[in-house]
Each structure stands twice: as structure tokens, then as C-alpha cells.
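S.K.: Provided herewith is a single structure, encoded as C-alpha cells, for subsequent inquiry.
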Amino acid sequence: MIYYYDLHIHSVLSPDADVLMTPNNIFNMAYLKKLDIIAVTDHNSTKQLKIMQELSESYDMLFIPGIELSLAEDIHVCCYFASTDDAYRFDNLLEPWRNNIRYDGHLGSEQGITDINDEIVEVYPFDLSINLSLSLLELRALLQPFRHILVFAHVDRKKHSGLSHLSNFKPDAIELSSRASQDFIHAHHLNQYKIFYNSDAHMITDINERNDHNQVELESLSIDAFFDYIHHG
């Protein structure tokens, strides 16, 4: 079956996300845009995922728990987990690599964690926009106990791209924007990787529409089928 996805969406927990990026709004917009699979990948935290998982049970949609990490090499990677519990356990393991700089609102968001009704019930106090001190190699070791997928985010951008690291570190997949040209893909030999085309949405209207780029063929709409596609497809 063909399914349509957006695997890189930010909620109001991310410091640079719009105030409308609440869990209910995200699911409702994904539903309106007829997506089958979504992932929320907030910057350096998974603390919004339990509410997202709870809401997903009201939709005929696969929700994949994720996170976007800003690494010591100044590159961004998205990690996806087989369960929200795994995502939370991984989040706890990140503590030694986090900064303790208080967030002052300079990017606009409250870094809010909401309840099921989109009301902010907690504010994450430390700046999630700052790179972790975690390196790529350290990340690989940290992910080892978990069933996971590691994706280099937006490799066709000039900032935070892991393009130069592909020669010595092989991710499970890479992410491109819809603007990435075939010339760019061929020039950097990217066809050898599974490629995802995600929105990196920080505003609700930026969530992917259905198109030829953001579709994937899975045996079923399930987390197991998605992981099998990545690792064995």
C-alpha cells in the first residue's frame, strides 16, 4: 500500500515553533492534508510525545515517536523509535549532554508542554535550540539499546547539514527538502540512501501536502512495517 507522510514536524515545545503548533492542531492539519504517517520531532526533547501518542489513537494515522537532535558537530539528525516509552527513556539518557542555559524566549515560543486539550501545563526551562555536546559517535552508542532509525536531516541545506559526514557515517536514511534537485542528488551520490521528503514544519500550514515525493510503500500501516521498510526494504 502507498502511504503519505511527514516525518519532521515541530510542536510548541520547540523554541522556534509557532504558537499554533499544538498537538491537536498538528493532527487536525495532517488529517486535512490526508497524511497517513506523521512524526513529531521537537528539538532535543521528546517531552511532548505522550500527549501526541494519546491523541493519535483518535485518528486512522500512524504516529511515529521522534526527536531532532542538534549535535556537537553542528549537524541535525532525526531519530525515530518503535515506541513512545523508548523515546522517553532515550530522552532521559540525553541529560549529561544537555546545556543548563535558561531559555529567555528569544526565538518566540514558550517551549511549552501541553495537555490533551492543548493547554500548556509545563514550560521546559533550558534552551532547546542550543547544540548538545553529544557527538555522532556518542549518539550511535546511546541509541544501541533501542530499536531506532537515524536520519540525517535536511542535508540539502547549507546550515546543520550532515552532508560532509556521509563519507564516514552511514545513517539509515537521509532527509531532503522538496526543493532538492536531481542534480544535487546525483552529484552527492545520494541515491544510495533511502530518502525522505519532509516539511520540517514550524508553522501549521507548512505540514506536507500529499505529493509524489512524500509517499512510501509499506505492507501495512504499522510501526513494524515502517521499520522493516527502513532496515530491510
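The values are calculated or read from the model by the stated rules, or taken from the named source; none is laboratory data. None of the values given here were measured: they were computed from a predicted structure. We place every Cβ from the backbone using ideal geometry, glycine too, and count neighbours over all the protein chains shown. Side chains are part of the model used for accessible areas, which takes the heavy atoms of the whole protein and leaves out ligands, DNA and RNA. Shrake-Rupley method; radii C 1.70, N 1.55, O 1.52, S 1.80 Å.
S.K.: I'm trying to understand the selection: among the residues of segment 34-63, which are touching a Leu at 6+ places or on another chain (Cβ under 7 Å) and either modelled with pLDDT under 95 or among the acidic types (Asp, Glu) (or both)?
M.R.: Within segment 34-63, 36, 42 qualify.
S.K.: Return yes when residue 142 is without any contact (Cβ under 8 Å) to a residue 60 or more places away in the chain, within 26 Å of residue 95 (Cα to Cα) and crowded, with 17+ Cβ neighbours inside 10 Å and no when it is not.
M.R.: When the stated conditions are applied, residue 142 passes them.
S.K.: So the check is Cβ under 6 Å with 6+ separation or different chains; which pairs have a first residue in segment 168-197 that's modelled with pLDDT of 95 or more and a second one that's open to solvent by 50 Å² or more (accessible area, probe 1.4 Å) and hydroxyl-bearing (Ser, Thr, Tyr)?
M.R.: Pairs found: 197/178.
S.K.: If you don't mind, another one. Of the residues 131, 117, 99, which is open to solvent by 10 Å² or more (accessible area, probe 1.4 Å), in contact with a Ser or Thr (Cβ under 6 Å, 6 or more places away or on another chain) and not in a helix (DSSP H, G or I)?
M.R.: Answer to the check: 131.
Residues are listed down the side, and each one gets a yes or a no for (1) touching a strand residue (DSSP E or B) at 6+ places or on another chain (Cβ under 7 Å); (2) closer than 23 Å to residue 17 by Cβ:
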site: 144; (1), (2): no, no
site: 155; (1), (2): yes, yes
site: 162; (1), (2): yes, yes
site: 167; (1), (2): no, no
site: 195; (1), (2): yes, no
site: 198; (1), (2): yes, yes
site: 203; (1), (2): no, yes
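S.K.: Next question, about the same structure. For segment 102-114, what are the residues that are in a strand (DSSP E or B) and open to solvent by 20 Å² or more (accessible area, probe 1.4 Å)?
M.R.: Scanning segment 102-114 gives a single hit, 102.
S.K.: When residues of segment 3-18 are filtered for being open to solvent by 10 Å² or more (accessible area, probe 1.4 Å), in contact with a Gly (Cβ under 9 Å, 6 or more places away or on another chain) and in a strand (DSSP E or B), how many remain?
M.R.: Matching residues across segment 3-18 total 0.
S.K.: Pick from segment 198-233 the residues that are modelled with pLDDT under 95 and more than 16 Å from residue 2 (Cα to Cα): which of them is most open to solvent (accessible area, probe 1.4 Å)?
M.R.: Only one residue tops the list, namely 232.
S.K.: So if I check each of 131, 208, 214, 198, which one is in contact with a His (Cβ under 7 Å, 6 or more places away or on another chain) and within 27 Å of residue 12 (Cα to Cα)?
M.R.: Testing whether each residue is in contact with a His (Cβ under 7 Å, 6 or more places away or on another chain) and within 27 Å of residue 12 (Cα to Cα) leaves just 198.
S.K.: Answer yes if at least one residue in segment 31-44 is farther than 19 Å from residue 177 by Cα, open to solvent by less than 60 Å² (accessible area, probe 1.4 Å) and under 14 Å from the mean Cα position of the chain (by Cα), and no otherwise.
M.R.: For segment 31-44, residues farther than 19 Å from residue 177 by Cα, open to solvent by less than 60 Å² (accessible area, probe 1.4 Å) and under 14 Å from the mean Cα position of the chain (by Cα): present.
S.K.: Taking segment 145-170 only, how many residues are under 24 Å from residue 91 (Cβ atoms), open to solvent by 20 Å² or more (accessible area, probe 1.4 Å) and among the hydrophobic types (A, V, I, L, M, F, W, C)?
M.R.: Qualifying residue count for the region: 1.
S.K.: For residues in segment 19-39 being in contact with a strand residue (DSSP E or B) (Cβ under 9 Å, 6 or more places away or on another chain) and in a loop (DSSP other than H, G, I, E, B), which is nearest to residue 230 (Cα to Cα)?
M.R.: Taking segment 19-39 as the starting set, the residues that turn out to be in contact with a strand residue (DSSP E or B) (Cβ under 9 Å, 6 or more places away or on another chain) are 19, 21-24, 26-27, 29-30, 33-39.
If we keep only those that are in a loop (DSSP other than H, G, I, E, B) as well, we get 19, 21-22, 33-36.
Working: 19: 33, 21: 28, 22: 29, 33: 24, 34: 22, 35: 19, 36: 17 Å.
Going through the qualifying residues, I end up with 36.
S.K.: Checking residue 103 against (1) among the hydroxyl-bearing types (Ser, Thr, Tyr); (2) in contact with a strand residue (DSSP E or B) (Cβ under 9 Å, 6 or more places away or on another chain); (3) within 21 Å of residue 221 (Cα to Cα), which single condition isn't satisfied?
M.R.: If we test residue 103 against (1) among the hydroxyl-bearing types (Ser, Thr, Tyr); (2) in contact with a strand residue (DSSP E or B) (Cβ under 9 Å, 6 or more places away or on another chain); (3) within 21 Å of residue 221 (Cα to Cα), just (3) comes out false.
S.K.: Please work out if residue 88 is more than 11 Å from the chain's Cα centre (by Cα) and at pLDDT 95 or above. Walk me through how you get there before you give the answer.
M.R.: On the way: more than 11 Å from the chain's Cα centre (by Cα): yes; at pLDDT 95 or above: yes.
The answer is yes for residue 88.
S.K.: From the list 64, 26, 75, 51, which residue is in contact (Cβ under 8 Å) with a residue 24 or more places away in the chain, of a type in the set (Val, Ile, Thr) and in contact with an Asp or Glu (Cβ under 8 Å, 6 or more places away or on another chain)? Before the answer, list the steps.
M.R.: Numbers: 64 fails: in contact with an Asp or Glu (Cβ under 8 Å, 6 or more places away or on another chain); 26 fails: in contact with an Asp or Glu (Cβ under 8 Å, 6 or more places away or on another chain); 75 fails: in contact with an Asp or Glu (Cβ under 8 Å, 6 or more places away or on another chain).
Exactly one of 64, 26, 75, 51 is in contact (Cβ under 8 Å) with a residue 24 or more places away in the chain, of a type in the set (Val, Ile, Thr) and in contact with an Asp or Glu (Cβ under 8 Å, 6 or more places away or on another chain), namely 51.
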